[in-house]
1. Can you report the principal axis dimensions of chain A using only the alpha carbons, biggest first, rounded to whole angstrom?
2. Given the pairs B:Lys169/B:Lys311; B:Lys263/B:Lys377; B:Lys311/B:Lys460; B:Lys30/B:Lys311, which are separated by over 27 angstrom at their Cα positions?
3. Near the amide H of B:Gln6, under 5 Å away, which other amide H atoms are found, from residues 5 or more places off or on another chain, if H is placed in the peptide plane?
4. Determine the distance separating the Cα centre of region A:52-107 from the Cα centre of region A:142-206; give it in Å without decimals.
5. Under 5 Å between amide hydrogens, which residues at least 5 positions from A:Glu358 or on another chain qualify, with H placed 1.01 Å from N in the peptide plane?
6. Helix A:150-181 sits at what angle to the longest principal axis of chain A, using alpha carbons and giving 0 to 90 degrees rounded to 10?
7. Which whole-Hz couplings ³J(HN,Hα) result when phi for each residue of region A:243-253 is put into the Karplus expression 6.51 cos²θ - 1.76 cosθ + 1.60, θ = phi - 60°, listed in order with x for Gly and Pro?
8. If you count, for each residue, the other Cβ atoms within 10 Å and average over each peptide, how do B:410-422, B:173-185 line up from highest to lowest?
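Every number in this text was worked out from the coordinates using simple rules, so none of it is lab data. This structure is a prediction, so every number in the text was calculated from the model and none was measured. Backbone-built Cβ (ideal geometry, glycine too); neighbour counts: all protein chains shown.
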Amino acid sequence: MTQTDFYILLPLTVLTVWACVLLLVDLFIPKDRKGITAFLAALGLAVTLGFTVTQIGREGTGFNGMVTLDGFSTFINVLILVSGLFGIALAYGYIKRMGIDRGEYYTLMLFSITGMMLMAQAADLIIVFLALELLSIPLYVLAAFARPNLQSEEAGVKYFLLGAFATGFVVYGTALVFGATGTTSFSGIFFAASNGTSSLLLTIGAALLLVGFGFKVAAVPFHMWTPDVYQGAPTAVTAFMSSGAKIAGFAALLRVFATAFPSLSADITNVLWALAALTMIVGNITAITQTNIKRLLAYSSIAHAGYILMAFVPYGNKEVMPVSIAAGLFYLVSYAVTNFGSWGVVIALEKAEGRGLEISDYAGLAKKYPALALAMTVFMLSFIGFPPTLGMVGKFYLFRAAIAGGYSGLAIIGVVTSLVSAYYYLRVVVNMYMREGDPTIEREPWLNFATAATAIITVGLSFVPQWLFLLASTAVF
Amino acid sequence: MEFILQPLTLLTFFPLVGVLVILFMNSEWKNAIRWVALVTSLITFGISLWVLAQFTASNPDLQLEAKYAWIHVAGWNIYYYLAVDGLSILLVLLTAFLTPISILSTWTAVEDRVKDFMIFFLLLEVGMTGVFLAQDLFMFYIFWEFTLVPMYFLIGLWGGPRRIYAAIKFFLYTMAGSILMLVAILFLGIKTDTFNVPTMLVRLPDLYASGIIDPKTQMLLFIAFAAAFAIKVPMWPLHSWLPDAHVEAPTAGSVILAGVLLKMGTYGFLRFNLSLFPNATIQAAPWIALLATIGIIYGAAVSYAQADVKKLVAYSSVSHLGFVMLGMFALNAQGVSGAILQMINHGLSTGALFLLVGMVYEQTHTREIKVYGGLWKVMPVFGTIMLISSLSSMGLPGLNGFVGEFTILLGAFGSKAIGSPWYAGISAIGVIMAAVYILYMFQKMFLGPAGEITQHHELKDLNWREILTVAPLLIFMFWIGLYPAPFFNLIAPAVEKLLSALPL
């Protein structure tokens, strides 16, 4: 292990060690003061974030080309770490209120985050597999964290079974790719594939990998688990999972296909096109009939996976790809911010035993808590893609990339499904503003902070998106 | 500092000052909030007059430009770009003029959530002014979409019994049009490598000539833009959101909706379709004229059949805006300037009608024509003002409506682009039909024996505030009707320039 190797994985190493130590430290923290664990976990993320920031602008590979460091991985890592901080802020009061404030919660989150970061830095299919397991297993546990609540247990088991199934696809795909090319490193696969190695095996391998990642990012038709898991899991976990796991899944998808399989783009592009279109259509249309806010947001997250997938479609086209990646990354940021905010509002209204989660429970919110209703309106508008929000800028960027890549049809599907989505997002607004009701909310300082911060970012950044554009467009590999 | 002190920046964003002040006021101080909103909108109107003073009527180009690089990274060329010319100056003035009037009209009509109402109303003003001033398509799109949000809340929160349905219908219908425009905007932006309209106009002819954008694509782009604008206008057969929105909206909302929001559609055609897609415009002209003519007749016929006076006025908008579209796609100087003037006229007369209907509704809480009757005897001032507004709306010579409609028909008769005088001929019947439904309404409500409501209600005539609300509109009705030259002078040079670019 050389110094470079060490430097490339420095933030990751710091976080792993921190998480292991925290696991031990937590044993000595009294049961009623688990807030300290939360604080230490957040501190760990902040320290790691500090190390990650020093890596901005650095590039390199380590461990014999198994991991890599570049603008892309740093961008994703920062995004994941910030998501982790928001995840802790949302969870802090929530798990206490729900009576599940066990210290492992935060440690598990940290482990999952290390998996996500490793995913962003992977340059070899073996590492991808490792990262996938590292990020998923803590999430399975977290989904079932509200045991003995049946719904939560069901969510955990369901997520585990389908997740394991998906991982199986990834492993099998890796094996086939190895069989076809004799290597698992991205650059090796790329080299072998462009030298005309038998491509049927390779294509099947790549397709299986796509299925595996499709499960992780909840793309249709691999989305079946999403609504149940998102609904059953403790809401704070859902918030973290729907942002973090999705970011990592997309990071892997993008890196694997753009660096290892560009030679297959003629076949895969069509498949990606269909996946993106299907995901947008099914996600948005199914969301219309939902009455439970968690399920609504679950389908909305499926739909947004479709929009992000749109950026991947031209992945074999070297000219368009930088713009597409940048658009995809920008949209990931805007999705993550909006997503955390909206889940924050959900958490504020949720009561014990899963009450307060129907959309009708939001009636009258605007009269009683105007600020919270305003924040939720901002998030809903951002999801629709309406000004003045980040979601609008994100969609503008994304559709522009799609049209520039020659996929106007996909862009049209995108805008039409956005129209469909306006219907169900507006229903939440209608309930908050135009119907009478008497909701109560939980006031938790960190939760309020997270919700307010994301709302302000969502609106504020839409006026000055330049620097995020710039960051996203330099975050390429 | 220089950025903020630009006249157009000030004009667009000044209402935000009022929003900020109101935001920090206690929602119980209803009167103070009303005053802040009114004063803000009056100052905005003052700024619009200041803009007019600096505007050179003889100059056909964009003026008072406020242009700054906004998003200039990573292949993006988006400008913060506001400017005004003869096509938009009157509409900008109309917006600034109608907003204080509408706010004044809510003084006693809106008692619930006054704070939110005024915030949404001022935000709406920002959006509308921005739409008329933005010269960068990205900015235009942002303002265009943004106007939906406050209007959605105005209808949905302070509207009538079916307000939620109407609000959602309004939102989805309008959005359906604008998303197609979004795709077209992005396509144009990619092909011309800019979103800035004047630059686009310089680059597009080459793209058309070299076939990079072929005629078929040009037509598709035209249609995509037209879809957004035609829904907003609304042109027949895309008008079905309008009656719902109008009937359910609170009075001030209806005034702004008819007075300004619909003009965003016609303005969009004028500013973007005509100049960006010249060949497609000429090809489409007869078809648009056909739809406009159907709209004129249909709107008038349906108006006659209404039992609800607000619905009657709403459908009459479909008819009146048909005239605007007909004149615009006559593609000659008379037609287009008539169309622009008619946009203003419609804002004035329909705005006045909605205000007046709102005033009597506030007392009686019904809008059914048949329960009124003999109102003139009880409310003579109200009757007089209503009569003037009605006559203005139906186009009586000496009032503003006549000037607009006459010029439009004159233009449409001689139009090469439309190609047949029949459209104008049939549309002229629309003028007669307007007289029928307007006079029918007037007769049923104001003349004849006293109706149910008139007998059993203690009806009060208009008070000073209400007279003050409509009086400015009346002044302009007469002014434009008797001496329209100053208004045409503002429009003419820009129209000349616009038409000279068309390969006609």
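1. That works out to 67, 55, 41 Å along the principal axes.
2. Values: B:Lys169/B:Lys311 16 Å; B:Lys263/B:Lys377 36 Å; B:Lys311/B:Lys460 24 Å; B:Lys30/B:Lys311 30 Å.
Pairs exceeding 27 Å: B:Lys263/B:Lys377; B:Lys30/B:Lys311.
3. none
4. Comparing the Cα centres of region A:52-107 and region A:142-206, I get a distance of 22 Å.
5. Sorted by chain and number, the residues that satisfy this are A:Ile293.
6. Long axis of A:150-181 versus the principal axis of chain A: about 10 degrees.
7. Karplus-based 3J(HN,Hα) across region A:243-253 equals 9, x, 5, 5, 4, 5, x, 5, 4, 5, 3 Hz.
8. In decreasing order of mean packing, B:410-422, B:173-185 become B:173-185, B:410-422.
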